[in-house]
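Have a look at the structure below before the remarks.
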Amino acid sequence: DPFMTLFYPGRQQDMVKSMLDMYKHNGWLPKWELAGGESYVMVGDPAVPAIADTWLDGLHAFNKNIAYRAMTHESMDTTTVNPIRPGLKVYLKKHYIPVHTKGVWGGMSTTLEYGIADYALARFDSTISRTGDVASLMKRAHYYKNLYDKSDGFLRPRNADGSWYKPFNPTTKKENQPGFVEGNAWNYLFFVPQDPHGLAQLMGGPDQYIQRLQKSVDKGYFGMWNEPDMAFPYMFTYFKGAAWRTQKAVRETMKQSYTTGPGGLPGNDDCGVTSAWYVFSALGFYPADPASGKFRLGSPVFNKVTIHLNSKFYPGKTFTIRANHASNNNIYIQSATLNGQPYNKAYITHNAIENGGTLTLDMGSQPAKNR
């Protein structure tokens, strides 16, 4: 959705309108619509981050009040069978979803997914002045903390009585790990894009977070074949002095996981999301948190790229990324300017891009650990 919002805003708005029309006709937003029918496969509440992100990025040609009602309905309604958020009642009661909750595929994974959707809805509500639910939604966005086991340092499944589910092996193959959806504990360890600093505190501080994330990258414990892991190479950028690790990890992932031959994608393209990761990364930025209005900076492949903005939706005409001296060896950002002014942030905002301008990055072969 961030890709469509930036490059095809008209189509993105139309898709949001279609989702809201589905809500008006059947009472629920789509979860996994396929060929005009709802399949209800996969987990979480994916329409909420998509709609919230679209609005937060400035596309407002849909009814915000209907969007509010639709998203609030499925995030709050426990009086009827909720096909979008199974397990919602126990989620609200226990502040996590136990491992063997009826009707729920992967209680641990689903808890994390709901937290991301709750965060996105809170952001949307605060933007449209529907602030009554913001505090409770933000509290729910931190329910992931109830699944963090400090004794072994992993987010892991819990039983209904609060005990940890056993046996537990963080590297068990994805098909054999109760509580998880298409992954294991390593695959989900950093799947808290709404609160990386809070997760770091649970781990013992930023240094521990960075060390464990680096281990995940070095050992190949994260997988580009599954959406929860795709932002992991970019998570270093949330911590001062560690952005160079993202620049290295992104370039390595592009080289190792993508090729131009048959089977050149690391798994199912999943409606284009796997390809979008590569396109974003080649440009030099990625939406690690889809409800923040920010793109985390990586390592541009091209010396110059110009994004031609849609004048019907955005005030700027073009946004250019210049990566001076970028090459297979020069993968690290040494310094940056935005529209000629020094720029020290590890992200670029959607607003800065839509207003047009130039981001200039000076690239080099050695990490710049002061950024």
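The values are calculated or read from the model by the stated rules, or taken from the named source; none is laboratory data. Here the structure is a predicted model, which is why all the values come from computation and not from measurement. Ligands, DNA and RNA are stripped out before the accessible areas are found, and what is left, the full protein with its side chains, is counted by its heavy atoms. Shrake-Rupley method; radii C 1.70, N 1.55, O 1.52, S 1.80 Å.
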Take the solvent-accessible surface of the protein heavy atoms, probe 1.4 Å, and return the percent of it on segment 22-124 that carbon and sulfur atoms account for.
-> 57 percent
Determine the equivalent ellipsoid of segment 1-73 by diagonalising the alpha-carbon gyration tensor, then write out the semi-axes as square roots of 5 times the eigenvalues, largest first, rounded to whole Å.
-> 19, 14, 11
Estimated Rh, segment 200-328: Kirkwood, alpha-carbon pairs, angstrom | 15.9 Å
Amide H neighbours of T358 under 5 Å, counting only residues 5+ apart in sequence or on other chains, H built in-plane at 1.01 Å?
-> T320, N339
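Considering lysine pairs in segment 172-291 that are 8 or more places apart or on different chains, how many have Cα atoms under 16 Å apart?
Going through segment 172-291 pair by pair, I get 5.
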Value of relative contact order over segment 81-138, rounded to a whole percent, pairs C-alpha under 8 Å and six or more apart | 20 percent
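State in Å² the accessible area per residue of segment 218-320; use a 1.4 Å probe, count heavy atoms of protein chains only, and round to the nearest integer.
For segment 218-320, the solvent-accessible area averages 43 Å² per residue.
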What accessible surface, in Å², does a 1.4 Å probe find on V43, ignoring ligands, DNA and RNA and rounding to the nearest 10?
-> 20 Å²
Near the amide H of F285, under 5 Å away, which other amide H atoms are found, from residues 5 or more places off or on another chain, if H is placed in the peptide plane?
-> G298
Karplus (6.51, -1.76, 1.60) ³J(HN,Hα), θ = phi - 60°, over segment 93-98, in Hz, Gly and Pro reported as x | 7, 9, 6, 6, 10, x
The rounded separation in angstrom of the Cα centers of segment 299-348 and segment 80-146 is 36 Å
Across 20 Å bins from the origin, how do the percents of Cα pairs in the chain run, short distances first?
-> 28, 60, 12
Taking only protein heavy atoms and a 1.4 Å probe, what accessible area per residue, in Å², does segment 97-174 have with all protein chains in place?
-> 44 Å²
In order through segment 27-41: 3J(HN,Hα) via Karplus (6.51 cos²θ - 1.76 cosθ + 1.60), integer Hz, x for Gly, Pro | x, 9, 6, x, 10, 8, 5, 9, 6, x, x, 8, 9, 6, 7
May I ask you to give the percent of accessible area on segment 184-298 that is carbon plus sulfur, with a probe radius of 1.4 Å?
-> 50 percent
Relative contact order (percent) for the chain, with alpha-carbon contacts under 8 angstrom and 6 or more residues of separation?
-> 12 percent
Counting sequence-distant residues (5 or more places) and residues on other chains, those with an amide H built under 5 Å from that of S335 are D362
Carbon + sulfur, % of accessible area of segment 317-371 - ligands and nucleic acids excluded, 1.4 Å | 41 percent
Candidates I66, I348, I84, ranked by Gaussian network fluctuation over the chain, Cα under 10 Å, top entry = I66
Probe 1.4 Å, protein heavy atoms only - accessible area per residue of segment 1-94 in square angstrom = 46 Å²
